[in-house]
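The values are calculated or read from the model by the stated rules, or taken from the named source; none is laboratory data. Treat the numbers as computed from the prediction; the structure is a model and nothing was measured. As a convention, Cβ positions derive from the backbone with ideal geometry for all residues, glycine included, and neighbour counts pool all protein chains shown. When the accessible area is computed, the model is the full protein with side chains, heavy atoms only, and any ligands, DNA or RNA have been set aside. Shrake-Rupley method; radii C 1.70, N 1.55, O 1.52, S 1.80 Å.
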Amino acid sequence: MKVTKISVLFLSLFAILSCEKKATRGDADFSQFTQTFVEDLWKQYPGWATSVGYHKYDSILVIPDENTRQNEISFATRYLDSLKSFQFDSLSAIHKTEFLLIKNQLEGVSFYSKEFKSYEWDASGYNFGGTLFEITQNKETSKAQIINNLNRYLANVPKYYEVAKANLKNPTKEHTELAISQLAGTIDMLRNGEIAKLYKEEKADTTPLVNASKSIEGFIAHLTQIKSEMDAGKIKPKDFRIGKDLFAKKFDLEIASSYNAEQMYQNALNRKQSLTAEMHTIATRLWTKYLPNTPIEKDSLLLIKKVIDKVALQHCAREKFQSEIEREIPILTNFVNEKNLVTMDPTKPLVVRKEPEWMAGVAGASISSPGPYDKNGNTYYNVGSLAKYTPEAAESYLREYNNFTLQILNIHEAIPGHYVQLIHANKSPSLIQTLMQNGAFVEGWALYAERFMMEEGWDKNTSINPKEMSDEMWLMYYKFHLRGVCNTILDYSIHSLNMSKENALNLMMNEAFQEKSEAEGKWKRATLTQVQLCSYFTGFYEIYNFRKEVKEKMGDKFNLKEFNDKLLSFGAPPMKYIKEMFGK
Ligand code: ZN
Ligand code: ZN
């Protein structure tokens, strides 16, 4: 059945592309085309340009009105038209990927503008704090020029919020609350933070900062009024749930999978069931080791939970959290090299650092890669500090990232997860690929990396896990993986099936063994985003199943390193495009 599905997709895509009449242009023209396209893209989306380190349009704050939306649609239509002049079949693999990524991007424009319409309900979309910060990061110009850019940018703020107020026709409560708290941060940046400091240092006139702050305050007051009317029952807020129909369409555009949202929801339910069965088997084996002299628990979910709670007590000391991560990175690298799992690049070391102050400030781990206009910059592994945690919160966090899950976290974020994928993606000089990465491929690769590390014997790695800890390692790996699977179930259930908060928390805490704080945080994230939480499992599912097919086809000739290197050589487009190009 899977094979049929793929061939249908294969046919339909090529049918669409080959029925065009004037498709005569090839590779040579395509490079020129992408250059013009990107330059135009930045003119169309100055804020996006600034955010990736392209500073030519830093002084422009676009007014989010109907005129701008019409403009955007004509931009998309124009470029979708130009794409038709290329002979897709004659393009090189890199150009094919770029072609499809651009097409995907442009096809989303009318959906967001005409159907999704978040400008009518998501108040948090009206915040340019991140862009302001990026404007100050311009290393190619003087501070005086940066201030000049900021002044011109900020001059548009009153008009911007006038339009924002008119746009917001049916705000949700959740995004309104988020906007109120985030916009306070933007005001702080103008009054006391980065921007205020810059003006003070340069002895610049701060009137533009004062005026912009006043406009933002006016918008916050407007939102606070809306919120109090919602609380008083005078206004009925829009449900944050986007509903089955919009969710399905957004899923198709953003995840760009061979499967639709409902199919992936079903796949995730099945996966959850088989994972729970595996975990039950392992936990039963571990019972007497961790709960000696205790009669075995009859409820299978409770049995798993009790064993997990005991295993999780093995964690590093609070002050050793970062040094433990630093210790593990070279061990992971050696393992990947010795087992020949994927090509590593010793010339681009990963720098582990304490999470900088301006980042979220919540403990956690993330990868920061240099932007497409700063290829030689460092890649950082940011480790959140536990310094501000109460002893209880720190203990809970350390149990969550215990000796075993911390290894999976390092695999996921760093080696051979996100960091290794990034190194490979950066080898291809394609700006389009860097700009339009598919989130499902990126997260899917990280989950797939966790999986192949375990299959290749990471659980018995003597430098970290004594051999007899294999069961513990697998149990915690499954718990981590189950979180990704449940992300899909939650996202779909909440937005398409009207799942309640109570049921969502029950799913996460009782059926996926998560800590309360983690489950609460995930609920909040699911109310503010849509579809993104599906990227983890969908990407994994497609990559893992595709590898199975290739393995079966190649038999003895299958080589994991060759497969992985090749998979990463396309950049990070949706898996459905990689499947078409892989064998060619
Ligand atoms: Zn402890
Ligand atoms: Zn990730």
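So the values come out like this:
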item: Number of the exception - Thr294 against (1) hydroxyl-bearing (Ser, Thr, Tyr); (2) surrounded by fewer than 17 Cβ atoms within 10 Å (Cβ to Cβ); (3) not in a loop (DSSP other than H, G, I, E, B); result: (3)
item: Region 301-321, subset open to solvent by 50 Å² or more (accessible area, probe 1.4 Å) and away from ligand 1 (no atom under 16 Å from the Cβ), residue nearest to Asn382 (Cα to Cα); result: Lys305
item: Any hit, region 336-352, residues being away from ligand 1 (no atom under 16 Å from the Cβ), open to solvent by 40 Å² or more (accessible area, probe 1.4 Å), part of a helix (DSSP H, G or I) and not aromatic (Phe, Trp, Tyr); result: yes
item: Selected residue (only one of Asp205, Asp245 is assigned to a helix (DSSP H, G or I) and either more than 22 Å from Pro46 (Cβ to Cβ) or in contact with a Lys or Arg (Cβ under 9 Å, 6 or more places away or on another chain) (or both)); result: Asp245
item: Lone unmet requirement of (1) in contact with a helix residue (DSSP H, G or I) (Cβ under 9 Å, 6 or more places away or on another chain); (2) closer than 30 Å to Cys534 by Cβ for Glu355; result: (1)
item: Filter pass, Ala365 being within 16 Å of ligand 2 (Cβ to nearest atom) and at pLDDT below 90; result: yes
item: Only one of Ala256, Ala268, Ala283 that is buried (at least 19 other Cβ atoms within 10 Å of the Cβ), touching a residue at least 12 places away in the same chain (Cβ under 8 Å), more than 16 Å from ligand 1 (Cβ to nearest atom) and not in a helix (DSSP H, G or I); result: Ala256
item: Criterion: over 23 Å from Ala93 (Cβ atoms) and either touching a Gly at 6+ places or on another chain (Cβ under 9 Å) or among the aliphatic types (A, V, I, L, M) (or both) - qualifying residue of Ala425, Ala440, Ala414; result: Ala414
item: Single residue of region 200-234 satisfying the filter (of a type in the set (D, E, K, R) and either without any contact (Cβ under 8 Å) to a residue 12 or more places away in the chain or touching a Leu at 6+ places or on another chain (Cβ under 9 Å) (or both)) that is least open to solvent (accessible area, probe 1.4 Å); result: Glu229
item: Condition met for Gly444 (within 21 Å of Cys534 (Cα to Cα), crowded, with 24+ Cβ neighbours inside 10 Å, of a type outside the set (Ser, Thr, Tyr) and within 16 Å of ligand 2 (Cβ to nearest atom)); result: yes
item: Region 106-120 residues that are under 28 Å from Thr34 (Cα atoms), paired with ones that are of a type in the set (Val, Ile, Thr) and in a helix (DSSP H, G or I) (beta carbon under 7 Å, 6 or more apart); result: Val109/Ile73; Ser110/Ile73; Ser113/Ile73
item: Helices (runs of 4 or more DSSP H) lying entirely in region 64-173 (those with 3 or more residues that are of a type in the set (S, T, N, Q), at pLDDT below 95 and farther than 29 Å from Glu229 by Cα); result: 93-110
item: Test for His418: is it open to solvent by less than 30 Å² (accessible area, probe 1.4 Å), more than 18 Å from Lys339 (Cα to Cα) and within 11 Å of ligand 2 (Cβ to nearest atom); result: yes
item: Of all residues in region 529-574 being among the hydroxyl-bearing types (Ser, Thr, Tyr) and open to solvent by 10 Å² or more (accessible area, probe 1.4 Å), the one that is nearest to ligand 2 (Cβ to nearest atom); result: Tyr536
item: Residue satisfying all of: in region 472-512; in contact with a Leu (Cβ under 8 Å, 6 or more places away or on another chain) and not in a helix (DSSP H, G or I); surrounded by the most Cβ atoms within 10 Å (Cβ to Cβ) among these; result: Ala512
item: Selection status of Ile432, in contact with a helix residue (DSSP H, G or I) (Cβ under 7 Å, 6 or more places away or on another chain), modelled with pLDDT under 95 and assigned to a loop (DSSP other than H, G, I, E, B); result: no
item: Test for Ser493: is it more than 16 Å from ligand 1 (Cβ to nearest atom), more than 16 Å from the chain's Cα centre (by Cα) and over 30 Å from Asp40 (Cα atoms); result: yes
item: Candidate set: region 401-414, residues that are outside any helix (DSSP H, G or I) and surrounded by fewer than 22 Cβ atoms within 10 Å (Cβ to Cβ); chosen: the one farthest from ligand 1 (Cβ to nearest atom); result: Asn403
item: Conditions (1) open to solvent by 40 Å² or more (accessible area, probe 1.4 Å); (2) of a type outside the set (Lys, Arg); (3) modelled with pLDDT of 80 or more; number of the one not met by Leu41; result: (1)
item: Matching option when the condition is within 16 Å of ligand 1 (Cβ to nearest atom), out of contact with any strand residue (DSSP E or B) (no Cβ under 9 Å at 6 or more places or on another chain) and either in a helix (DSSP H, G or I) or modelled with pLDDT of 95 or more (or both), among Glu324, Glu278; result: Glu324
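This table checks each residue for (1) in a helix (DSSP H, G or I); (2) within 14 Å of ligand 1 (Cβ to nearest atom); (3) modelled with pLDDT of 95 or more.
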site: Leu386; (1), (2), (3): no, yes, no
site: Arg399; (1), (2), (3): yes, yes, no
site: Pro416; (1), (2), (3): no, no, yes
site: Ala425; (1), (2), (3): yes, no, no
site: Ala440; (1), (2), (3): yes, no, yes
site: Glu443; (1), (2), (3): yes, no, yes
